[in-house]
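Encoded as structure tokens, here's the structure I'll be asking about.
The values are calculated or read from the model by the stated rules, or taken from the named source; none is laboratory data. In this text, all values refer to a predicted model and were calculated from it rather than measured experimentally. Methodologically, a virtual Cβ is constructed for each residue, glycine included, from the backbone with ideal geometry; neighbour enumeration extends over all protein chains shown. Side chains included, ligands, DNA and RNA excluded: accessible areas come from the protein's heavy atoms. Shrake-Rupley method; radii C 1.70, N 1.55, O 1.52, S 1.80 Å.
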Amino acid sequence: MTSPVWHPFHQHGLGEPIPKVVRTGGSCLWTGDGRRIIDAISSWWVTTHGHRHPRIMAAIAEQTKALDQIIFAGWTHEPAEALARGLTEIMPEPLAHVFYSDSGSTAVEVALKMALGYWRNIGEPRHRIAVMQHSYHGDTIGGMSVGERGVFNQAYAPLLFDVATLPFPVAGSEQATLDALEAECRGPEPLAALIVEPLVLGAGGMLIYPPEILAAMRDICAKHGVLFIADEVMTGWGRTGPLLACEQADIVPDIVCLSKGLTGGAVPLAVTMATKPIFDAHCSTDKATMFFHSSSYTANPIACAAGVANLAIWRDEPVREGIADLCERQAAQIARYRDNPAVHNLRRCGTITAMEIGDPDGAYLSDIGPRLARIFRERDILLRPLGNTVYVMPPYCVSDDELDEIYAAIDAGIAAVTG
Ligand SMILES: *Cc1c(COP(=O)(O)O)cnc(C)c1O
């Protein structure tokens, strides 16, 4: 019998196998037919400490004894209060207000709406958003509008709103990005906000740019009073080394979007954190200036309890040491490709490594990707190349042996597609 399930980003017409996972733990997934799969991409970038971390699982179980979903408009509960308090303690001080939603895409939608609401409510309406080429901010219409246009969203292009696109800061021509931002800031239609993925553009191909450029963009925005939105949905929670990628540039955004690792990757939850001026612009005795956004499952208590447990893990366990160690182990693993003529643009940012195999600038639909994916699948390694870009973003608990197995699969992939 064929399944009624319609999978995301999956071409059912190709008839590729869809393994059924029955159990997870640490860096691994186990399938119904008894295979152990190493999750080298943290189940699409969500799993930070490892699958089914005992403290997070226990917090979820405990919370179900007291609360399920409750309305969050005008009502509150301790898990949401505790998580918001914890977030304002661990995140940079200016990010004093926490708005809950349930995915990275909604966190981005909320950020964009906050920015536009801010300008409208201070009596200076602005609508134009600046974005970086190759960005990804989610798959909702707003998220796609501020993201890269391409085969992913061609069908919806007529619905996407217009944005100002800055060129990606390619090594050696970074100034072009800054000049473009400066020009947009001085342009005839003032910018409401710039939204960027700090340091690493994930879905765009794990493209990395230096902290100095991030800092310079932040400076330009500050100089012109343009709101700076950091989409840390992927880069947050230690992926690039520190808790936030923005820390590497020593900057604090006006608005930050967090999701994926917020619950350690266990259950869906997102927050958009904002500074006081943005909150204050929505705060008055006039109902017309309130922030008009909610989803049914806003601040789900069980998800918030998982978030609180995640913060406790960050506070009590040697998470930062584990991340620093993984950064070194990743650097050591990729050193072997330095002189490999089939490997291009070898790079690392924190715990993430990436490279192009075969073709230095292959497209997402290049046939090298599927061939690599088949080899990885045969070796029970969960890697999902972006075109011919292979990247490794494992949970922080990945062992040396598991990492060796991941890179052995990549070695085999390189040999197969270039040999
Ligand atoms: C994954 C991602 C999103 C979207 O998050 P979802 O939870 O999948 O909606 C947004 N921005 C970035 C940078 C992401 O990596």
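Looking only at the stretch 40-68, which residues are part of a helix (DSSP H, G or I) and polar (S, T, N, Q)?
42, 43, 63, listed by residue number.
Something else: Would a scan of the stretch 229-238 turn up a residue that is away from the ligand (no atom under 12 Å from the Cβ) and either over 13 Å from the mean Cα position of the chain (by Cα) or open to solvent by 40 Å² or more (accessible area, probe 1.4 Å) (or both)?
There is no residue in the stretch 229-238 that is away from the ligand (no atom under 12 Å from the Cβ) and either over 13 Å from the mean Cα position of the chain (by Cα) or open to solvent by 40 Å² or more (accessible area, probe 1.4 Å) (or both).
Can you pull out the residues in the stretch 215-256 that are part of a helix (DSSP H, G or I), more than 26 Å from residue 307 (Cβ to Cβ) and touching a strand residue (DSSP E or B) at 6+ places or on another chain (Cβ under 9 Å)?
Within the stretch 215-256, 217, 218, 220, 221, 222, 224 qualify.
Matching residues to (1) touching a strand residue (DSSP E or B) at 6+ places or on another chain (Cβ under 9 Å); (2) on the phi < 0 side of the Ramachandran plot; (3) surrounded by fewer than 13 Cβ atoms within 10 Å (Cβ to Cβ):
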site	(1), (2), (3)
7	no, yes, yes
15	no, no, yes
26	yes, no, no
32	yes, yes, yes
40	yes, yes, no
46	no, yes, no
52	yes, no, no
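A further question follows. Please note which strands (runs of 3 or more DSSP E) are completely contained in the stretch 257-357 and include at least 1 residues that are farther than 30 Å from residue 121 by Cβ, in contact with a Phe, Trp or Tyr (Cβ under 9 Å, 6 or more places away or on another chain) and open to solvent by 30 Å² or more (accessible area, probe 1.4 Å). Explain how you work it out, then say what you get.
Numbers: elements: 270-274, 343-349, 352-357.
Once the strands (runs of 3 or more DSSP E) in the stretch 257-357 are filtered for at least 1 residues that are farther than 30 Å from residue 121 by Cβ, in contact with a Phe, Trp or Tyr (Cβ under 9 Å, 6 or more places away or on another chain) and open to solvent by 30 Å² or more (accessible area, probe 1.4 Å), what remains is 343-349.
Of all residues in the stretch 84-105 being within 16 Å of the ligand (Cβ to nearest atom) and not small (Gly, Ala, Ser), which is least open to solvent (accessible area, probe 1.4 Å)?
100
Out of all the residues in the stretch 90-112, is one or more farther than 25 Å from residue 193 by Cβ and either of a type outside the set (Gly, Ala, Ser) or within 18 Å of the chain's Cα centre (by Cα) (or both)?
no
Hey, can you tell me all the residues within the stretch 177-225 that are over 27 Å from residue 117 (Cβ atoms), more than 16 Å from the ligand (Cβ to nearest atom) and either open to solvent by 50 Å² or more (accessible area, probe 1.4 Å) or basic (Lys, Arg) (or both)?
179, 212, listed by residue number.
Let me ask you something else. Filter the stretch 305-344 down to the residues that are under 23 Å from the mean Cα position of the chain (by Cα) and closer than 30 Å to residue 359 by Cα and list them by number.
Those that are under 23 Å from the mean Cα position of the chain (by Cα) and closer than 30 Å to residue 359 by Cα: 326, 327, 328, 329, 330, 331, 334.
Does the stretch 305-318 include one or more residues that are of a type in the set (Val, Ile, Thr) and in contact with a Leu (Cβ under 9 Å, 6 or more places away or on another chain)?
yes
Identify the residue in the stretch 372-389 that is within 17 Å of the chain's Cα centre (by Cα) and either within 16 Å of residue 359 (Cβ to Cβ) or free of Cβ contacts under 8 Å to residues at least 12 places away in the same chain (or both) and, among all such residues, is surrounded by the most Cβ atoms within 10 Å (Cβ to Cβ).
Of everything passing the filter in the stretch 372-389, 385 is surrounded by the most Cβ atoms within 10 Å (Cβ to Cβ).
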